[in-house]
Amino acid sequence: MTEKKILAVFGATGQQGGSVISQLVSEPAASLPNISQFHLRALTSHSLPISSTSSIPLEQWYRLIGSSPDTDTADNTTNNTTNTIQVTPQVDFHTPSTLLPALKDVHTAFIMTTPSFSPVTSDDPNSSKEFLAVQNILSAALAQKVDTVLFSTLPNITELSSGKYTRVTPFDDKARAEAYIRSLHPQIKSAFLSLGFFMSNWLTQGFLAPRYDEDTDSWVMRLHVAGGTGIPLVDAGRDTGKFVAAILERGVDGTGEAVLAAEGVYALDRIAEVFSRHTGQRVRYEQVTVEEFRETGLKGFPESLKDVLVEGYSALEEFGHAGKETGALVEEGKRLVRECGLGELVSLEEFLKKEGYVLGEGPRSKQWGS
């Protein structure tokens, strides 16, 4: 019997990494020829009651992180071909001594790095904390002869806007990291997953959530862009894994393919309508001035983060998430998932139902971009 290849998943306790693990151990993914070649290694920065890299039953993994597979796939994890998982705790992006053992004998790595919302303080944009983290990971990957990396990326807003919007550092940092990874070919093969806006943002980011307006007896979402502005949305916690599984099943040929991961492109007006249907109450979208958004919607935010959000949504309105081809790219990514038989993607209305969303419940504490 051929020994399985190790697939290392960074950020295994976050939305993206957790989704990858849950999906790859589900019956639909585990039964696919290429996916079935992999054995999983979960990499996490958390401290867990295990020493170095240990192989544990999947049930123990979910108990350790205080979570469980999504109910849609939970029944499928009992008979899959991968009933154990390797776990490496306390992996630090900025400490090479933890990265080298974490990537030992790894064939493929899914890399998710936490975005930095701080402004670049150096003349060198590649000095950002996130870019340096990617350099550290790839240095370890090259040293350990990792064959392939799959990186969670984002569009370069500075380039997309031809220099008009330069402060959307969480996007630009990832795009520069993507370019760096591409430059390492053919030493290491690469593919890229570019996720749309997380549906969970409307639960975790208070400025997006509907707020009650006494004057109109309605709930209102307010941003400084037009209601027709389209946003590609994805349930990152449930569907990231479907896109990763599809990319791995199709195979990474080293040409640096990129897949845009989203269930659909939603106009802001439509997002409000979905919230209305789900809650049975009047929810509407209202465009406000840039000044009102900065000073009221983003009250209490650091000025640098206000810059990121103002320019980010302005660029979205003017240029689209990934340019004029955003809609076509979303459909292409959905087709890839569908062709691999990995199930349907979660719509926004389904997401709200699964989360048991209630108006006015307040933002939930989750780290952005995980």
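Here are some notes:
- Considering residues of segment 1-42 that are closer than 13 Å to Gly241 by Cβ and touching a His at 6+ places or on another chain (Cβ under 8 Å) only, the residue surrounded by the most Cβ atoms within 10 Å (Cβ to Cβ): Leu7
- Residues that are in a strand (DSSP E or B), open to solvent by 30 Å² or more (accessible area, probe 1.4 Å) and within 25 Å of Gly323 (Cα to Cα) do occur in segment 222-232, at least one of them.
- Residues in segment 23-51 that are under 21 Å from the mean Cα position of the chain (by Cα) and either part of a loop (DSSP other than H, G, I, E, B) or of a type in the set (Ser, Thr, Tyr) (or both): Val25, Ser26, Thr44, Ser45, His46.
- Members of segment 132-150 found to be part of a strand (DSSP E or B) and hydrophobic (A, V, I, L, M, F, W, C), listed by number: Val149, Leu150
- Condition met for Val259 (of a type in the set (Val, Ile, Thr), within 30 Å of Gln187 (Cα to Cα), touching a Phe, Trp or Tyr at 6+ places or on another chain (Cβ under 8 Å) and surrounded by 16 or more Cβ atoms within 10 Å (Cβ to Cβ)): yes
- Condition check for Asp124: among the acidic types (Asp, Glu) and either touching a Leu at 6+ places or on another chain (Cβ under 6 Å) or modelled with pLDDT of 95 or more (or both): no
- Test: Gly206 is modelled with pLDDT under 95 and either crowded, with 22+ Cβ neighbours inside 10 Å or over 15 Å from the mean Cα position of the chain (by Cα) (or both): yes
- Of all the criteria given as (1) open to solvent by 70 Å² or more (accessible area, probe 1.4 Å); (2) modelled with pLDDT under 90, the one not satisfied by Ser45 is (2).
- Candidate set: segment 257-301, residues that are small (Gly, Ala, Ser) and touching a His at 6+ places or on another chain (Cβ under 9 Å); chosen: the one nearest to Phe192 (Cα to Cα): Ala262
- Within segment 263-272, being out of contact with any Phe, Trp or Tyr (no Cβ under 8 Å at 6 or more places or on another chain) and crowded, with 16+ Cβ neighbours inside 10 Å holds for Glu263, Gly264, Val265, Tyr266, Arg270.
- Residue list for segment 277-322, restricted to those being assigned to a helix (DSSP H, G or I), under 26 Å from the mean Cα position of the chain (by Cα) and among the hydroxyl-bearing types (Ser, Thr, Tyr): Ser304, Tyr313, Ser314
- The C-beta contact set for segment 275-304 (first residue touching a residue at least 12 places away in the same chain (Cβ under 8 Å) and at negative phi, second residue loosely packed, with under 12 Cβ neighbours inside 10 Å and of a type in the set (Ser, Thr, Tyr), distance under 9 angstrom, 6+ apart or interchain) comprises Arg282/Thr216; Arg284/Thr216.
This table checks each residue for (1) within 22 Å of Gly228 (Cβ to Cβ); (2) of a type in the set (D, E, K, R).
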residue: Ala261; (1), (2): no, no
residue: Tyr266; (1), (2): yes, no
residue: His278; (1), (2): yes, no
residue: Val290; (1), (2): yes, no
residue: Phe293; (1), (2): yes, no
residue: Val308; (1), (2): no, no
residue: Glu339; (1), (2): no, yes
residue: Glu350; (1), (2): no, yes
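- The single condition among (1) closer than 22 Å to Glu318 by Cα; (2) among the small types (Gly, Ala, Ser); (3) open to solvent by 20 Å² or more (accessible area, probe 1.4 Å) that Gly251 does not satisfy is (1).
- For segment 63-96, the set of residues classified as within 27 Å of Ala141 (Cα to Cα), touching a Pro at 6+ places or on another chain (Cβ under 9 Å) and either modelled with pLDDT under 90 or open to solvent by 40 Å² or more (accessible area, probe 1.4 Å) (or both) consists of Leu64, Asn83, Thr84, listed by residue number.
- Among the residues here, Ile157 does not qualify as under 19 Å from Val91 (Cα atoms), crowded, with 17+ Cβ neighbours inside 10 Å and at pLDDT 95 or above.
- Test result for Val134, among the β-branched types (Val, Ile, Thr), farther than 22 Å from Leu100 by Cβ and either in contact with a His (Cβ under 8 Å, 6 or more places away or on another chain) or touching a residue at least 40 places away in the same chain (Cβ under 8 Å) (or both): no
- Residue in segment 1-22 that is farthest from Val146 (Cα to Cα), counting only those that are assigned to a loop (DSSP other than H, G, I, E, B) and among the β-branched types (Val, Ile, Thr): Thr13
The values are calculated or read from the model by the stated rules, or taken from the named source; none is laboratory data. Just so it is clear, the structure is predicted and the values come from calculations on it, not from any experiment. Here Cβ is always computed from backbone atoms with ideal geometry, including for glycine, and neighbour counts include all displayed protein chains. Heavy atoms of the whole protein, side chains included, go into the accessibility calculation; ligands, DNA and RNA do not. Shrake-Rupley method; radii C 1.70, N 1.55, O 1.52, S 1.80 Å.
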